[in-house]
Amino acid sequence: MTDAIVLEREGSLLTLRLNRADKKNALTRAMYGQLGQALREADADPGINAVLIRGSSECFTSGNDIADFLEEPPSDLDSPVFAFMRSLLDCRKPVIAAVAGPAVGIGTTLLLHCDLVYVSADARLRMPFVNLGLCPEFGSSLLLPRLVGHATAARLLLLGEGFSGEQAAAWGLATEALPSAEQALAKAREVALSFDQLAPAAVQVSKALMKAPDREQLRQVVEAEAALFVERLRSPEAIAALSGFINKR
Ligand code: COA
């Protein structure tokens, strides 16, 4: 068992804290497994009203562990990363994210599925899938163009351009940008705890209604992206780019 994911319970709030500072909170198969399981348990637990996903004040996450991608790439939809995606898509409780520092790859795309996202203004978000010989994942090829328009989405997904927390809030990808990391983490916790004061069933029915129109299409897109992503991970260009990151260390 690893402490790379720390589960903290505060009243009816469950916090999932990414805690692998030496690797910038890069997500391993084991971490996806723990995150997925925690989300499923939170979903089933009537004592939990909200889930908060956070990293540290220095880093949200550098995305998928690149060594893992090379050594044990996901092979099918049962892989921990895709099971985690399904658990987040299926979570009926409100999910809040607190983001400071880098949020790379899935660190950005998972935010598209959270209900409320608080970022530090100087957070650094990026989806460098093409730069790694990969392709968009977790519904980003559908949700991002819809949110920011094709022209801007092309900069983010076809060029892999990074952007700030402030820009994320301006685009509506984040709920609010706060002046500092500490303020972003504090605000996210305060909002997440406030679900204690709201009728849980009313909140969950409301979330379900908001998600329902896109649910089936999103599920299909996530699966189609996953199949191509798995294929791309085995491509010579992805192996060269991923090995390049590891070898320059
Ligand atoms: N997978 C595996 N290890 C990673 C990692 C990742 N995604 N991101 C960072 N690390 C490791 C580095 O190899 C380094 O390990 P080392 O100290 O053993 O050499 C350590 O974490 C610190 O990373 P470093 O790059 O020195 O930190 P930084 O503050 O200069 O930069 C990032 C932080 C997140 C901008 C940079 O690490 C980065 O771009 N990471 C890769 C992100 C990525 O492409 N993710 C995959 C998306 S699909």
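The values are calculated or read from the model by the stated rules, or taken from the named source; none is laboratory data. In this text the structure is predicted, and so the values were computed from the model without any measurement. Neighbour counts run over all protein chains shown; Cβ positions are idealised from the backbone, glycine included. Keep in mind that these areas ignore ligands, DNA and RNA; they rest on the heavy atoms of the full protein, side chains included. Shrake-Rupley method; radii C 1.70, N 1.55, O 1.52, S 1.80 Å.
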Handout entry: Positive-pole candidate from Val148, Gln37, Leu233, dipole of the chain, charges at beta carbon
Key = Val148
Problem - Along principal axes, Cα extents of the stretch 110-249, largest first, whole Å - result: 53, 37, 28
Problem - Estimated inter-spin distance, Arg219 and Ala44, nm [label 7 Å along Cα→Cβ] - result: 1.9
Practice task
Could you work out the mean projected area of the convex hull around the alpha carbons of the stretch 169-249, in square nanometres to one decimal?
Solution key: 9.4
Problem - Counting DSSP beta bridges with both ends in the chain, the antiparallel % (nearest 5) - result: 30
Completion exercise
In a Gaussian network model of the chain with springs linking alpha carbons closer than 10 Å, the residue among Glu237, Glu166, Glu72 that fluctuates most is Glu72
Problem - Dipole-positive endmost among Val205, Val95, Val119 within the chain (Cβ charges, Cα centre) - result: Val119
Practice task
Distance between Cα centroids, the stretch 124-155 to the stretch 156-190: provide it in whole Å.
Solution key: 16
Completion exercise
Convex hull around the C-alpha positions of the chain: the volume in Å³ per residue is 117
Exercise for the section: Go through Gly160, Ala67, Leu27 and say which Cα lies farthest out towards the positive end of the charge dipole of the chain; charges sit on Cβ, +1 for Lys and Arg, -1 for Asp and Glu. Expected result: Gly160
Completion exercise
Connecting every pair of Cα atoms under 10 Å apart in the chain and solving the GNM, the largest mean-square fluctuation among Leu209, Leu132, Leu16 falls on Leu209
Fill in the blank from the handout: Projected onto their principal axes, the Cα atoms of the stretch 1-136 stretch, largest extent first, over whole-Å spans of 42, 36, 26
Fill in the blank from the handout: Between Val117 and residues 5 or more places away or on another chain, the pairs with built amide H atoms under 5 Å apart involve Ala97, Thr175, Glu176
Handout entry: Carbon/sulfur fraction of accessible area - the stretch 1-127, other protein chains in place, 1.4 Å, %
Key = 48
Practice task
Be a star and scan the stretch 118-135 for residues whose amide nitrogen sits under 15 Å from the point 7 Å along the Cα-to-Cβ vector of Leu159.
Solution key: 126-131
Problem - Charged-residue dipole, Cβ positions (Lys, Arg, Asp, Glu), the stretch 1-148 about Cα centre, Debye nearest 20 - result: 380
Handout entry: Rounded to the nearest 20 debye, dipole of the stretch 119-249 from Cβ charges on Lys, Arg, Asp, Glu
Key = 220
Handout entry: Spin-label model distance (nm) - Val6 vs Ala208, 7 Å beyond Cα toward Cβ
Key = 3.5
Problem - Electrostatic dipole magnitude of the chain [Cβ: Lys, Arg +1; Asp, Glu -1; Cα centre; debye, to 20] - result: 260
Problem - 222 nm mean residue ellipticity, helices alone, for the chain (DSSP H n ≥ 4; -39,500 (n - 2.57); rounded to 500) - result: -15000 deg cm²/dmol
